[in-house]
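Bear in mind that the values in this text are calculations on the coordinates, not laboratory data. Remember, predicted model here, so these are calculated numbers, not experimental data. Because the Cβ atoms are built from the backbone with ideal geometry, glycine has one as well, and the counts that use them run over all protein chains shown.
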Amino acid sequence: MFRARYAVFLCLLVLAAVSFFLMLVVSWHFLWPFLILASLSVVGIHDLIQKRHSILRNYPVTGHFRFLFEAIRPEMRQYFFESNQDGTPFSRERRSLVYDRAKDIEGNVPFGTEYDVYDVDYSWVNHSVAPCHNGNSDYRVSIGGPECTQPYSASLFNISAMSFGSLSANAILALNTGARMGGFAHDTGEGSVSRYHRQGGGDLIWELGSGYFGCRADDGTFDPEKFEAQAKSDQIKMIEIKLSQGAKPGHGGVLPAAKVTEEIAEARGIPVGVECISPAGHSAFSTPLELMDFIATLRKLSGGKPVGFKLCLGHRWEFMAIAKAMLKTGIKPDFIVVDGAEGGTGAAPVEFTNRLGTPLRQGLTFVHNVLVGTGLRDDIRIGASGKLISAFDIAGALSLGADWVNCARGFMFALGCIQSQSCHTNRCPTGVATQDKKRQEALVVPDKATRVYNFHRNTLKAVAEFTAAAGLHHPKEFRPEFIYLREGHRQVLPASAALTWLREGQLLDDEDIPGFTTYWMMAQAESFEPVKTVSEIKQADS
């Protein structure tokens, strides 16, 4: 089957053959054209058989132009192409950081920062004049509350949710193999556990979305027997209920019949070639109290493994309603993952991506504060996700209340993603986000699994050095007073002063706390609907 991306290479082969014929039959003047075309053809053949660069395997010969532009001197790139700080959603500098760490290359840069440190959105972590020496960077977080009988010792840095179906088979296999090599966890995404997750052998966090893939009844509802059968797999370490995700909170989805292949149907537990709908909301629960019952059920069926949920913070009274349900039932999740509105996705409406959901910094601090203010924080671990790829990102999230960090697009870069933003077209140039069998062959699993492992290892090594420079012995010691924020044109303040921080049990003390008390009064454990509106509360107060 002819593929357009091979067109230039095939033309070179044909022209090389023609020039060779003309050289022999017509004139030796065709020797130089033949040598040039033959050399380029050899380059194309080498590109097809080499295993390090997915771009070259998918785009022989022409793919070299990408590396040519990468090699252009920085001052020329500054005038003719993007600068190190340009490029969205991840700048060239941040992408290069991941590429270097994935390739196990020293990532030092010359001549000082390119950031404007007086920019309105600049933030930083303060250092110590008495730095520490931290030799160990294998940081672990124990996840599992009082009701959990199989707590999980997770890495500080793990692979965030990306489903098989949105990512290719080779991408999933490389991610999970890298996770096994490095001893960290791999979130399945709501597409459930595929054969490629199992083949990799790495630790899994099984994410349950509203489609209940992997434990789905024929009518699309939750099937406890199917869940129990899969959840007891030794490879599955935690269960994560997806309430919402940052890039498209409150949005369901339809998997067209043509995309439901045998492999995807096998992983999701749905019929081959039949359209599959994921509703916007869950059918297994409809109130905060029912959510707590569902968590208890999953914990029991899984044999006591950690069970929690992921959300992008929306209406604040809804999360407070969940906290009230915890207090009323005594049932608590083992963990909560807070996803920021800046999180990524394969495809979403523009309005959802740009204007729906709370950014990570505000969402994370609110969730942490509510748990502290209700006396629940000690038993519940908090994960954070949303454009977190560097040691500074991780330190910042820990300073604002997180216990660990998940990363999705950073690990995609480690696989070779070049941020072409063609994830939804099935034409990913590096074979990461496509179901095209030929395109994903360009992603060589052993090489990319090693890069995933390297990125994780070198990132935690950078965290250890960053932590030591701050005068700390362990990243868990980061606190709000370590990170300084400049937002808009306000004065510079440490996060401890710029943001509100509650003391233990303060929400239960019946005192007026700006930004919290009104929503607390609106929340009820019996429903996600507010018991009162803001105007009703203000009227009652007056």
Would you work out which of N108, Q440, P475 lies farthest towards the positive end of the dipole of the chain, given +1 charges on the beta-carbon of Lys and Arg and -1 on that of Asp and Glu, about the Cα centre?
Q440
Taking 7 Å along the Cα-to-C-beta vector as the label spot, tell me the L10-V254 distance in nanometres, rounded to one decimal.
3.5 nm
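With an 8 Å Cα cut-off and a minimum separation of 6 or more residues, compute the relative contact order for segment 97-254 in percent. Working shown, then result.
Values: 200 pairs, mean separation 21.7, N = 158.
With pairs under 8 Å counted, the relative contact order is 14 percent.
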Tell me, what is the percent relative contact order of the chain, built from C-alpha pairs under 8 Å that lie six or more residues apart?
19 percent
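Would you calculate, for the chain, the mean residue ellipticity at 222 nm contributed by helices, counting each DSSP H stretch of 4 or more residues as -39,500 (n - 2.57) and dividing by all residues, to the nearest 500? Present the calculation step by step, with values, prior to reporting the outcome.
Numbers: 21 runs with 215 residues, N = 542.
Roughly -11500 deg cm²/dmol at 222 nm, from the helical runs in the chain.
Going by C-beta contacts inside 10 Å, put I45, I241 in order with the fewest on the left. Kindly include the intermediate steps, with their values, before the conclusion.
On the way: I45 14, I241 23.
Lowest to highest Cβ neighbour count: I45, I241.
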Linear extension gain, A217 paired with K438, 0.36 nm per residue minus alpha-carbon span
76.2 nm
Separation between the D116 and S283 pseudo-spin-labels, each 7 Å from Cα along Cα→Cβ, expressed in nm?
5.3 nm
Charge-dipole axis of segment 378-438 as Lys and Arg at +1 and Asp and Glu at -1 on Cβ define it, positive-most pick from T430, F392, A402
T430
Rank S27, F222, G135 by how far each Cα sits towards the positive end of the charge dipole of the chain (+1 on Lys, Arg Cβ; -1 on Asp, Glu Cβ) and give me just the farthest.
S27
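Which ordering of S422, S399, S385 is given by a fewest-first count of other beta-carbon atoms within 10 Å? Could you put the intermediate results ahead of the total?
On the way: S422 14, S399 23, S385 29.
Arranged by neighbour count, lowest to highest, S422, S399, S385 become S422, S399, S385.
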Scan the chain and note any complete DSSP helix (H) whose C-alpha atoms cover at least 24 Å along its axis and whose Kyte-Doolittle average is -1.0 or more.
7-25, 31-49, 445-469
Lys and Arg at +1, Asp and Glu at -1: add these up for the other residues within a Cβ distance under 15 Å of N108 and post the number.
-3
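So how do K310, K324, K461 line up by other beta-carbon neighbours within 10 Å, fewest first?
Details: K310 27, K324 21, K461 15.
Ranking K310, K324, K461 by Cβ neighbours within 10 Å, fewest first, gives K461, K324, K310.
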Could you tell me the relative contact order of segment 334-420? Use alpha-carbon pairs under 8 Å, at least six residues apart, and round to a whole percent.
33 percent
When the label point is put 7 Å from the Cα of S535 along its Cα-to-beta-carbon vector, which residues of segment 493-522 have a backbone N closer than 20 Å?
518-522
Hand me the tally of lysine pairs in segment 247-396: alpha carbons under 18 angstrom apart, and the pair either on different chains or 8 or more positions apart.
8
Inter-part gap, Cα centre of segment 224-246 to Cα centre of segment 297-370, in whole angstrom, is 16 Å
Give, rounded to the nearest 20 debye, the magnitude of the charge dipole that segment 78-222 has about its Cα centre when Lys and Arg contribute +1 at Cβ and Asp and Glu contribute -1 at Cβ.
580 debye
Options (i) 45, 29, 21; (ii) 41, 25, 24; (iii) 58, 27, 23 - which one matches semi-axes √(5λ) of the Cα gyration tensor in Å as calculated here
(i)
